[in-house]
Each structure stands twice: as C-alpha cells, then as structure tokens.
Amino acid sequence: MLEIPAIWMFPALFVLVFMGIPVAFAMIGLSFAFGYWFFGDTLGPQMFSRLKDVSSNYVLTALPLFIFMGSALERSGIADRLFHAIQLWIGRLRGGLALTSISMCSIFAACSGVVGAVETVVGMMAIPPMVKQRYKHDLISGTICAGGSLGTIIPPTVVVVVYGSVVEESIGDLFAGVVIPGVLMTLLFIVYIALRCHLKPEDGPAVEADEIRVPTIEKLRITIVALVPAIVLIVAVLGSILAGIASPTEAAAVGAFGAVALIVAYGRMSWDIAMQVVERAIRVNVMVMFTVLGGVMFSAIFMVNGGNDLIRVFLDTFKPGPVELTILMLAVFFVLGFILDWVSIVLICMPIFTPLIRSVGIDPIWFGIMVCIVIQTSYLTPPVAPSIYYLRAIAPPEITYGEMFRGVVPFVICQLIVLAVVAFYPPTALYLPSLLFGG
C-alpha cells in the first residue's frame, strides 16, 4: 500500500495547507509533482488537456455570472431595504431582530447564491442594532453565522453548480432538490430563535415600538419597494431554471443583468460602485476558478497514481453496502470541511466518489443534497469554521470567539436534523425534481 504514490497525496496536501499555502496552489503544485512521477516528460500535454476540459465545461460558465450577480447585489442597496422592511413587520416580536436576520439571509441567499456574501452583508446591517438592543452575544453570533450558511443550501447556490458539473447531473434537478431541505432548515432556525426568546425574553428583547412605528401606507410602500425586486429576481433566476425555460448559464446572465438594473434603479450607480462590483467579482472568480482547476488536476493525478487501486483494495477489504458507503463518504466531506474550503472538497472528492455511488445504486441527486448540508455544517464547525472568521471581521470586539462557537451549536443541531430527515426520507430531496423534470 505505501508504495502507491496516491496514498501520499492527501497527507502532503494537508501539510501544505497548514503551512499557509493557498489550497488552489497547493493542489496544483502537488498535481505537477506527483504527475511527473507517472507521466514523466509528457506531463505538460496531460495537464493542458485538463485545463482545456475545465475551460470548455459549459456548466461552469454559470459560475462567473452567479458570482458577479452576488457582487452586484452587495452594492445595490437591496439588502438594506429588505432588512428594514422585514424589521418593520416582525421587529416588535421577541427575538424580532434575529428573526429578521434569518429571513433576510434566506431571501438574500435566494437572490445571490454566494455563501460569504450573505453573512457579510446581513451581518454588517444586523449586528449593530442587535448589540444596541442587548441581545445575547451567542444568539447574535449563531444567527448571523447560520443565516450566512443558508447560501450553501438555498438555490441558486454555487455549491450545486460545481457539484453538478463534476457529477454530470442536471443543475435544474439539483436546484429543485435543495428547495425543501433549504426551507425546512430555515424554518428550524426560526423556530429555535422564537422558542428561545419566548422562554428567555432577555436573550432577544423586542424592539421598542417607537423605533419602528411607521404609518401602514408607508410600511406597505417600503415593503413593496424592497420585496418586489427581490421576488422578481428570484423568479427570473430560479424560476426560469425550474420551469425549464433557461439553462443555469442563461438564468445567471439574467440575474447578473437584474442585479445591475437594481443598482441603477436604486440610484446607487457610480464609477466607484461599478469598479467595486467588477473588482470583487474578478477576485472571487479567480479564487474559485483556480481552485476548480487545482481540484480537477489533483483528483485526476490521484486516480492515475494508484487511487483506483486504493479504492479497489478498500472495497474488497470492507465490502461496504450503500448505507455504510454513504455514511463514510459524508464523514469524509465533514472532516475535510475542517481544513478545506467547499470548492476544494467537492472537486477532490466527487471525481473519486462518483463511480462508487453509481456502482452501488446511490442516487447522485439525493447524495448531492446531503453533501450540501454536510458542507454547510462544516462551514459552522471548528477548527476552520469559515463562518466564524467572516463574523470576526465584522463583529465588535466585545463578542468573543467563545461566544461565537457556543452560538453556532444549536444551529448545527438544526442542520443535523435536516440531514437526518433527508437521509431517512429521500423524497424530501427527490420529490420536486421528479415533479418538475420527471427524474
């Protein structure tokens, strides 16, 4: 076993990541190092063919457009309007600001599909009023982190786009599959916040009535101005995909155009805003695409350097059934989520796992929905917990790391409940794809 080169690739990757080398460059570097072991002087053409495969993948063309859409929505001002509108209606409830934040996160996630953007934008708006209202710090932390994680499970999530491109499954089926689990998870978050603040009102006091007292006509006007554009954008992007009217790439282009139109409609368009949108989109796209390339190269070199042999030995030794194999693969996703970002995990694991799940009859759509939930859970769990570091960048210093980690625990439990529901009752993930696309 130890003489198989592939067995050393993952330990080497972890060493480089812990040394502080970006994951994308670590995977690319190791691909060249171990690739030369197998291909020798013909490595260059082999790597070029992988680059060509990535650059010509039609499904991946949706990614830059979805990322641009999220970047534009960050600067459009729609988030401020949505937060204010929702707060006017439910701010006077116990935990109203936290409920507003979760509601806002779910809507904004459905508009943008970009994970980090949801937490950052909503957190910058919601944390100051919650601190002012004397919310418990762990509730503030958990709400913002969990709300931000909804960008992983609520379509049009870019996680699904990457997963679908690797597994070669319909993006429309996958988007339809995450709808029910995404709604269920949002409801569980809301129920937890409402129940906690009902039992312990001091954890999430209601907003003073005078602060949000607005005439009904004005309240309706504010709500319409905020909600109608968001709903139109969601229907245009997600609705067109689910209805079979547009491909994910076409829908992403419509969403990108709609996000820019919102910047203009809200009177925020300027040269500085335009440059910020483009710069942010380029930075995120470059990061994601380098990671995509690295993941594709790494998994390909792993397989040719003996990865197939390792998998065959494992299957011959342990002979896992579909249930055991599903649990094992999801556990690998969860553990890797401690140290790697979601793009790397999907791109490294799924080329290896896809033949396995097909060989034992595991539905790739059902498995993909569970992968999204597990990735979402790892987004909140230490030691890496990207959500905590996003929060640290925008939270006041009086909110400690300990409070942040304690705050996410109840929401992680909610996520695990949804994972169990999907695992034990697959129609929660498969009913809508079957209904809409006959899959």
Name every residue in region 324-373 that is small (Gly, Ala, Ser) and over 17 Å from the mean Cα position of the chain (by Cα), in order of residue number. Ala331, Ser359, Gly361
When the residues of region 261-295 are filtered to those that are exposed (fewer than 13 other Cβ atoms within 10 Å of the Cβ) and not in a helix (DSSP H, G or I), which remaining residue is modelled with the highest pLDDT? Ser270
Qualifying residues in region 209-230 (those that are in a helix (DSSP H, G or I) and over 36 Å from the mean Cα position of the chain (by Cα)) - the one modelled with the lowest pLDDT: Asp210
Which residues, taken from region 383-409, are open to solvent by 10 Å² or more (accessible area, probe 1.4 Å), part of a helix (DSSP H, G or I) and among the aliphatic types (A, V, I, L, M)? Ala393, Ile394, Val409
Scan region 351-372 for residues that are under 21 Å from Tyr431 (Cβ atoms), in a helix (DSSP H, G or I) and of a type outside the set (A, V, I, L, M, F, W, C) and report the count. 2
Say whether the condition of being surrounded by fewer than 23 Cβ atoms within 10 Å (Cβ to Cβ), at pLDDT below 80 and among the basic types (Lys, Arg) is met by at least one residue in region 39-51. yes
Near pairs, Cβ below 9 angstrom, 6+ apart or cross-chain, from region 6-17 (more than 13 Å from Trp37 (Cα to Cα)) to any residue that is open to solvent by 30 Å² or more (accessible area, probe 1.4 Å) and small (Gly, Ala, Ser): Ala12/Ala33; Leu16/Gly29
Spot the failing condition for Ile234; the list is (1) surrounded by fewer than 16 Cβ atoms within 10 Å (Cβ to Cβ); (2) in a helix (DSSP H, G or I), and only one is missed. (1)
By residue number, the members of region 333-344 that are in a helix (DSSP H, G or I) and in contact with a Phe, Trp or Tyr (Cβ under 8 Å, 6 or more places away or on another chain) are Trp342
Only one of these is at pLDDT below 85, surrounded by 16 or more Cβ atoms within 10 Å (Cβ to Cβ) and assigned to a helix (DSSP H, G or I): Ile375, Ile348. Name it. Ile348
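The values are calculated or read from the model by the stated rules, or taken from the named source; none is laboratory data. None of these values were measured; they are calculated from a predicted model. Note that we place each Cβ from the backbone using ideal geometry, even for glycine, and neighbour counts take in every protein chain shown. Protein only, heavy atoms only, side chains kept; ligands, DNA and RNA dropped before computing areas. Shrake-Rupley method; radii C 1.70, N 1.55, O 1.52, S 1.80 Å.
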